[in-house]
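Down below is the structure, laid out as structure tokens.
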Amino acid sequence: MKVAIVGTPGSGKTTLFNALTRGRAEVAAYSPALAPHTGVAKVPDPRLSALEEIFQPRKTVPAEVSYTDIAGSLKAFGREGVAGEILNYLTTADALLQVVRTFEDDQVPHPEGSIDPSRDMASLDLELAVSDLAIMERRLDRLETSLKAARASERESHLKEQLLLQKVKAELEKDIPIRLQGLAEEELRLLSNYQFLSAKPMLVVLNIGEEQTPEAARLEGEISSLHPQFAVVALCGKLEMELAQLSEDESAEFRASLGLGKPALQRVIDLSYSLLGLVSFFTTVSAELKAWTIPRGTPAPKAAGKIHSDIERGFIRAEVVSYGDLQSCGSLAEARKRGLLRTEGKHYIIQDGDIVTFLFNV
């Protein structure tokens, strides 16, 4: 999973990036020369610890999330859309994580002169729409030219694409992002190659001050009620960054003393998985226990392809046991004895927590 971190300058994007990736990127004032920071976070999954007890693997590989911290405000790149390199980071992301500032700090003035989360969220959606509209206008111009010389066999697909883009463009011009336009599955599939930014799922992180931590739940509820289209979490980026630099035991001790809940990474990943409709399955091959992330509803051969295309191509069947069943049995042998280790075919939908062995022939 790839997530791009966006927001206004001074909102604390790099601070949150460091909290999520245990990174040490410099937290500095925005400069156009700043390159995006990239980092990887291991997905915390307590099921892996339980599976380690059962399988005793030599190596355990958690699932990963890649985060990219985009410097500055998108509007800094001009009205014709986001600059090429930055646009590439954004378009290849599976989701956008918008950091919205709610903390007060006289040393870090807000670019707009005041703290207003709803204004900042609307401003970002506008900038995403500007980028999408620029791409649509260029494509519609090319389609208009292509239609004049198109053969009869090509006209239908060109017209279908033209009508869809015109429909989406009209709604965007009314300040309705693509993700809220209620498009049909086929329409979204036709648009998927464009990687439009306002179509991407959005997770909002309210970056609160340390003195606001007792109000975190109230702030989350307030923004969620005003913007129900977003998944919202409130956390103190500065505090989370400091805790991320400690060992897990030290961090847990400080959290308990401060009355804090789950770490930022766990909360953000849980919401990201829910937002994107993702699940995890596990494999144990060559003494390696590994977690894999796939969209909910993925059939077994497609999940096998996540590991290697040859396994998908030569898929025969899958041996599957659920995490709960394996935990109650204590071993694969016992699960097989009780009839809980099942053989599934190509139409089986992988479930969250499945432990799977794929059988294939190429």
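For the reader, a short list of remarks on this structure follows.
- The alpha carbons of the chain stretch over 68, 64, 37 Å along the principal axes, in descending order.
- The helix-only estimate of mean residue ellipticity at 222 nm for the chain, built from DSSP H runs of length n ≥ 4 each weighted as -39500 (n - 2.57), is -13000 deg cm²/dmol after division by the residue total.
- Ordering of 137-146, 166-175 by burial proxy (mean other Cβ atoms within 10 Å per residue, highest first): 166-175, 137-146
- Fewest neighbouring Cβ atoms within 10 Å first, the residues Asp105, Asp249, Asp120 line up as Asp249, Asp105, Asp120.
- For region 88-106 versus region 116-147, the gap between their alpha-carbon centres in whole angstrom: 18
- The label-point distance for Ser118 and Ser225, in a model that sets each label 7 Å from Cα toward Cβ, rounds to 1.2 nm.
- Here the 3J(HN,Hα) profile of region 209-224, calculated from phi with Karplus coefficients 6.51, -1.76 and 1.60 at θ = phi - 60°, is x, 4, 6, 8, 4, x, 9, 3, 4, 5, 5, 4, x, 5, 6, 4 Hz, Gly and Pro shown as x.
- The slack in the chain from Gln266 to Arg338, taken as 0.36 nm per residue of separation less the alpha-carbon distance, amounts to 22.5 nm.
- Couplings for region 45-62, taken from phi via the Karplus curve 6.51 cos²θ - 1.76 cosθ + 1.60 with θ = phi - 60°, read 8, x, 5, 4, 4, 5, 5, 4, 4, 7, 8, 6, x, 6, 9, 10, 10, x Hz in order; Gly and Pro are left as x.
- Virtual spin-label span in nm between Thr145 and His158, 7 Å along Cα→Cβ: 1.2
- Sequence-distant residues sharing a close amide H with Leu341 (under 5 Å, placed H): Arg336
- Centre separation in Å (Cα based) which lies between region 149-221 and region 234-309: 26
- Rounded D (µm²/s) - region 297-360, Kirkwood Rh over Cα pairs, Stokes-Einstein at 20 °C, 1.002 mPa s: 181
- Backbone phi angles across region 283-298, fed through the Karplus curve with coefficients 6.51, -1.76 and 1.60 (θ = phi - 60°), yield HN-Hα couplings of 10, 10, 10, 6, 6, 10, 9, 9, 9, 10, 10, 9, x, 4, x, 7 Hz in residue order; Gly and Pro are listed as x.
- Packing-based exposure ordering (other Cβ within 10 Å, fewest first) of Lys148, Lys200, Lys337, Lys306: Lys148, Lys337, Lys306, Lys200
- For Gly209, the residues whose modelled amide H falls within less than 5 Å of its own, excluding neighbours fewer than 5 places apart on the same chain, are Phe103, Glu104.
- Qualifying lysines (Cα of each under 24 Å from Cα of Lys290; at least 8 residues distant if same chain): Lys2, Lys42, Lys59, Lys262, Lys302, Lys306, Lys346
Values in this text are rule-based calculations from the coordinates and carry no lab data. Not measured: the values here are computed from a predicted model. Every residue, glycine among them, receives a Cβ derived from its backbone with ideal geometry; neighbour counts consider all protein chains shown.
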